[in-house]
1. Please go through the residue pairs 31/97; 158/271; 271/300 and name each one whose alpha carbons sit more than 27 Å apart in this structure.
2. Each residue of the stretch 284-298 in turn: what ³J(HN,Hα) in whole Hz from Karplus with 6.51, -1.76, 1.60 and θ = phi - 60°, glycine and Pro shown as x?
3. Equivalent-ellipsoid semi-axes (√(5λ), Cα gyration tensor) for the stretch 3-86, whole Å, largest first?
4. Got a sec to turn the phi values of the stretch 251-257 into Karplus ³J(HN,Hα) couplings, 6.51 cos²θ - 1.76 cosθ + 1.60 with θ = phi - 60°, whole Hz, x for Gly and Pro?
5. So for 4, 70, 265, fewest C-beta neighbours within 10 Å to most, what's the order?
Amino acid sequence: MGERFGSYEIYEELGAGGLATVHLARTRAVKEPVALKRLFPHIADVRELVASFVDEARLARHLRHPGIARVYEFGKLRGTYYIAFEFVPGPTLLQLKEHCSEFVGRIPIMVVLEIAYQLCDALDHAHNLRNELGHPLGIVHRDISPSNVIVSSTGQVKLIDFGLAKTKQSSVQSQAGVIKGKLNYVAPEYIAGGKLDARCDLWALGVMMYELLTGQRLFEATDNAETLDRVRTMPIPPPSRVNPEVPASVDQIVLTALERDPYRRWQSAAKFRAALASYGGTMLSHQQLVSWVEWAFSQKRPPVREDSGISALHDIIQSNQIEVIGELPAISEAMAQRRRESVAAMPIGAAMVQRRAGGRWAWLAVLLVLALGAVVAYQLGVLS
């Protein structure tokens, strides 16, 4: 039996830092395992840190979207503040990117577009959230990065860790000159001390898209000062200069997100999402995305070809196509009639299309490690 904390049964530690610990836990109130973050008791005396923790919990409880890891409970027990989060099994984008760099090659464009589309959908929800009086909360995540995005085992892309998020109602205001978030993904206007709004998150998403499409870090530098200088001034080439497979229309989508003038950038996640949807390619289903990620992590040797991931995705898409009826064995009229009668007897709304059953993950051992790493990444804003 694990440690008891109120109604929670505590299992293994997922991460720890100077402010808090994160454990895998279970409670009867929630069917699935949860990630339980607890502030160290001595932190309860530091008013600003407690206020930030409370802000994070209150904000996260407002967020109700399939693309955002939800908060189940927030409270204080025996002098310890805690938050119970959704535990999301699956690799982070950082883990996916690093694995593909070593064993797969470039991530297919369709995979990148599907991930970006789902993230835009989640950000659109967060950016437009209103309080009980109908007033905009003005949420900005401030830490959009590969380690804070998980491709879940259902194919739903999940945005995690709102620990650095800012709202108009935040009880703790940012200190002037203090930059929060990962420097490679912070927007130029944030560095310059300008207005912080939703467009900062869209810049970060643009950086992530660039890196996923090219397999290269955009603002790679040897130290923080040089990184910030590159974010402010480095000319940004189109992704197609590194990856010739990227079409001009996708170049334009990414470069618009990376406009240094926020007024020339995508003005909302909804407009960013619409641009992705208007791309001539076909969007992937969740099952196709899961199947490709599953295939990618099954690769354990350096790729023979740079486009091996593209070939695998093509095979996955083809396997989802409906077979031509003429290729199937003929059925008798009696069999057809029995089938029609069974369908007619179904209640309205019954599922009429059976999705391709997903196979068991071939990399269950790897998945556990990835899931634990994902939740550690989930807490970067507080644990670092």
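No lab work stands behind these numbers, since they all come straight from the coordinates. All figures in this text were calculated on a predicted structure; none of them were measured in a lab. Every residue, glycine among them, receives a Cβ derived from its backbone with ideal geometry; neighbour counts consider all protein chains shown.
1. Pairs exceeding the cut-off: 31/97; 271/300.
2. 7, 7, 4, 5, 5, 5, 4, 4, 5, 4, 4, 4, 4, 6, 7
3. Taking √(5λ) for each Cα gyration eigenvalue gives 19, 17, 11 Å.
4. 3, 5, 4, 5, 5, 5, 5
5. 4, 70, 265
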